[in-house]
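I have placed the structure first, in the form of structure tokens, so that the comments after it can refer back to it.
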Amino acid sequence: MPYLIQQTEAFAVWHGTLRDLRAKVAIARRIDRVATGVMGDVKALGG
């Protein structure tokens, strides 16, 4: 189930100022996985 990921301006600025290329790529890949529904090891909250 695909999810819509909306990027905020604050995130875009923060991500754009990261100097660590490996971190930038890792963050972008993780967001791509979440967008396709691959949440990883998660548990529901509240019940």
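Computed from the coordinates by the stated procedures, all read-outs in this text should not be read as laboratory data. These numbers come from a predicted model, not from an experiment. For neighbour counting, all protein chains shown are included, and Cβ atoms are generated from backbone atoms with ideal geometry for every residue, glycine included.
Label-to-label distance, R29 versus V42, with points set 7 angstrom from Cα along the beta-carbon direction: 1.9 nm.
By definition, a body whose alpha carbon gyration tensor gives a ≥ b ≥ c is oblate when a/c is 1.5 or more and a/b is not larger than b/c, and segment 1-41 fits this oblate description. The long axis of helix 21-35 is offset from the longest Cα principal axis of the chain by roughly 30 degrees.
The residue list L18, G37, L4 was ranked by how far each Cα lies along the charge dipole of segment 1-41 toward its positive end, using unit charges on Cβ atoms, and L18 comes out on top. Residue exposure proxy: L4, L18, ordered by other Cβ atoms within 10 angstrom of their Cβ from fewest to most, comes out as L4, L18.
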